[in-house]
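The structure under discussion appears below in the form of structure tokens.
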């Protein structure tokens, strides 16, 4: 387990130094949250989720319809289709939901073991970041 914590610490350090987006500090916080939950940064969905949450934080209420507003906005930034964004986000969530980290750290806020939709997960993750919460209890609980 110490190896996993060391890897997470190294990835967080890398993220803090190398991830710069329009969200500023929030983008680093989003990255930390996703890593804590067991998301794999090698999946395209990781970047799409990070960007989608950032857009939701930057423009509250604007992205209430994921398929008509949020996915196209993310797709434009990554030069892909909205369908690819939706599929990659769903794949990343499903993969992360199979890990102990996801179930242990965010499962208590869900009725079922995994979010029933991409939008449900994105909204929950946005609230964690917005309220300054982390899943390890190092800061105040977000929800």
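The values are calculated or read from the model by the stated rules, or taken from the named source; none is laboratory data. Since we're looking at a predicted model, the values are computed, not measured. Quick reminder, even Gly has a Cβ in these numbers, built from the backbone with ideal geometry, and neighbours come from all protein chains shown.
Being modelled with pLDDT under 85 and in contact with a helix residue (DSSP H, G or I) (Cβ under 7 Å, 6 or more places away or on another chain) is the requirement here; does residue 15 meet it?
Working: modelled with pLDDT under 85: yes; in contact with a helix residue (DSSP H, G or I) (Cβ under 7 Å, 6 or more places away or on another chain): yes.
Criteria met by residue 15.
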Specify the residue that is surrounded by the fewest Cβ atoms within 10 Å (Cβ to Cβ); the eligible residues are those in segment 56-77 that are in a helix (DSSP H, G or I) and at pLDDT below 90.
68
Take the residues in segment 30-53 that are in contact (Cβ under 8 Å) with a residue 40 or more places away in the chain and outside any helix (DSSP H, G or I); name whichever of them is surrounded by the fewest Cβ atoms within 10 Å (Cβ to Cβ).
40
I'd like the full set of residues that are surrounded by fewer than 20 Cβ atoms within 10 Å (Cβ to Cβ) and closer than 10 Å to residue 45 by Cβ, limited to segment 87-106.
87, 90, 91, 94, 95
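Do the conditions hold for residue 50, that is, is it at pLDDT 85 or above and closer than 17 Å to residue 26 by Cβ? Working first, answer last.
Numbers: at pLDDT 85 or above: yes; closer than 17 Å to residue 26 by Cβ: yes.
Yes.
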